[in-house]
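Single-structure report; data block below.
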Amino acid sequence: MPDLIVHRPKLALDFVEREYNNRALVPQYPQHLQRWTTASENAREGHRFTTHRFGAQPNATLDLFDIPSPSALFIFIHGGYWRALTKDDFSFIAPSFCAAGIAPAILNYDLCPNATIGSIIDQVVAGLHYLDRIPRIPQRWIIAGHSAGGHLTAAMWSPLAKIAPQVRSKIVGGMTISGVHDLDPMVDYSINADLRLDREEAHRLSPLAYTPRLQAPLIVAAGGAESSEFKRQAQSLHDAWPQVCQHQKAGIVFPPNLNHFTILDALSDPHHGLFKRISALL
């Protein structure tokens, strides 16, 4: 059960709907998604990768990009509010990490309402355990995720994720990007028709409500142009987890002028500070 007291502000329903609806907040989102699609297709055409199945669920798959003698493994967990998008939409993340000698693995998972958020956490753990069984896989791992993937990344640090000790020992750091670390507002958000959370389950599945089990540094990021709620979600995790989020290699960052979508462009840009910060975890 959760072991930390979370001080949750009382939020009006219309405020929740406005603050968490990133597609309404960023009217240009279709262009961003199309750009990701095109760049991801180009990434898969230009780089060798293999698709692996790590579980029996329909979407329990991952793409592992193949580079010679990688120094580390970068595991990316995609967003989409646990109910949209797939790993194929995020291959564009891979080329910059390949060029830096870091092998990217992009995880897929089943989506709500066919899955629950709890079962998605378990699928991510299964993906990590599968990667550990691949011969010659790098021994230093970084985990990062965006939006719902930010929640799933933070969950890997919490007792919600039943990660085997030998796998946990490989994780040297991570980054949660525009993550929802406290799920309580999701109960009042219209997408809950798919998430099917009640208040108790939302609290149970909130990484913010636990003391982190994994002690690797965790960077917390959100775009400087994102809504106040996404910034609050970031700040809350940073403040609640000083052991990992206030580590000298971690910290909190709000890159200026970046919204919920363009922050991923920064992650995939080898010249941007966000990419440099995550690379410095190694």
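Just for the chain, what percent of DSSP beta bridges are antiparallel, to the closest 5?
Here the antiparallel bridges make up roughly 25 percent for the chain.
In the chain, what percent of the accessible surface is made up of carbon and sulfur (1.4 Å probe, ligands and nucleic acids excluded)?
Of the solvent-accessible surface of the chain, carbon and sulfur hold 53 percent.
If the elastic network links every pair of Cα atoms under 10 Å, which of Ile142, Ile191, Ile117 fluctuates the most in the Gaussian network model of the chain?
Result for the chain, Cα springs under 10 Å: Ile191 fluctuates most.
Out of Gly150, Gly127, Gly80, any idea which swings most in a Gaussian network model of the chain, alpha carbons joined below 10 Å?
Fluctuation is largest for Gly80.
Along the principal axes of its C-alpha atoms, what lengths does segment 58-116 span, in descending order and rounded to whole Å?
Principal extents (largest minus smallest coordinate, Cα): 39, 16, 13 Å.
How much accessible area per residue does the chain have, in Å², with a 1.4 Å probe?
Spelled out: the 1.4 Å probe surface of the chain, per residue, equals 40 Å².
Could you calculate the contour length gain from Asp194 to Glu17, that is, 0.36 nm times the residue separation minus the distance between their Cα atoms, to one decimal place in nm?
Here the answer is 62.2 nm.
For the chain, set up a Gaussian network in which alpha carbons nearer than 10 Å are linked by springs, and say which option among Pro212, Pro256, Pro95 fluctuates the most.
The residue with the greatest mean-square fluctuation here is Pro256.
Let a ≥ b ≥ c be the square roots of the eigenvalues of the Cα gyration tensor of segment 142-282; is it rounded (a/c under 1.5), or, if not, prolate (a/b larger than b/c) or oblate?
oblate
So for segment 139-276, averaging the separation of alpha carbon pairs under 8 Å that are six or more residues apart and normalising by length, what relative contact order in percent results?
23
Over what distance in Å are the Cα centres of segment 158-201 and segment 227-282 separated?
So the separation of the two Cα centres works out to 17 Å.
If you scale each eigenvalue of the Cα gyration tensor by 5 and take the root, what three semi-axes come out for the chain, rounded to whole angstrom and sorted largest first?
Result for the chain: semi-axes of 26, 21, 19 Å.
Can you tally the lysine pairs in the chain where the Cα-Cα distance is under 18 Å and the two residues are eight or more apart, or on different chains?
Lysine pairs meeting the criterion: 4.
With contacts defined as alpha carbon pairs under 8 Å and 6 or more residues apart, what's the relative contact order of segment 34-180 in percent?
26
How far is it, in nm, from the label point at Gln243 to the one at Lys10 when both lie 7 Å from their Cα along the line to the Cβ?
3.3
The values are calculated or read from the model by the stated rules, or taken from the named source; none is laboratory data. As the structure is a prediction and not an experimental result, all values here were calculated from the model. A quick note on method: Cβ atoms are made from the backbone with ideal geometry, for glycine too, and the neighbour counts reach across all protein chains shown. Side chains included, ligands, DNA and RNA excluded: accessible areas come from the protein's heavy atoms. Shrake-Rupley method; radii C 1.70, N 1.55, O 1.52, S 1.80 Å.
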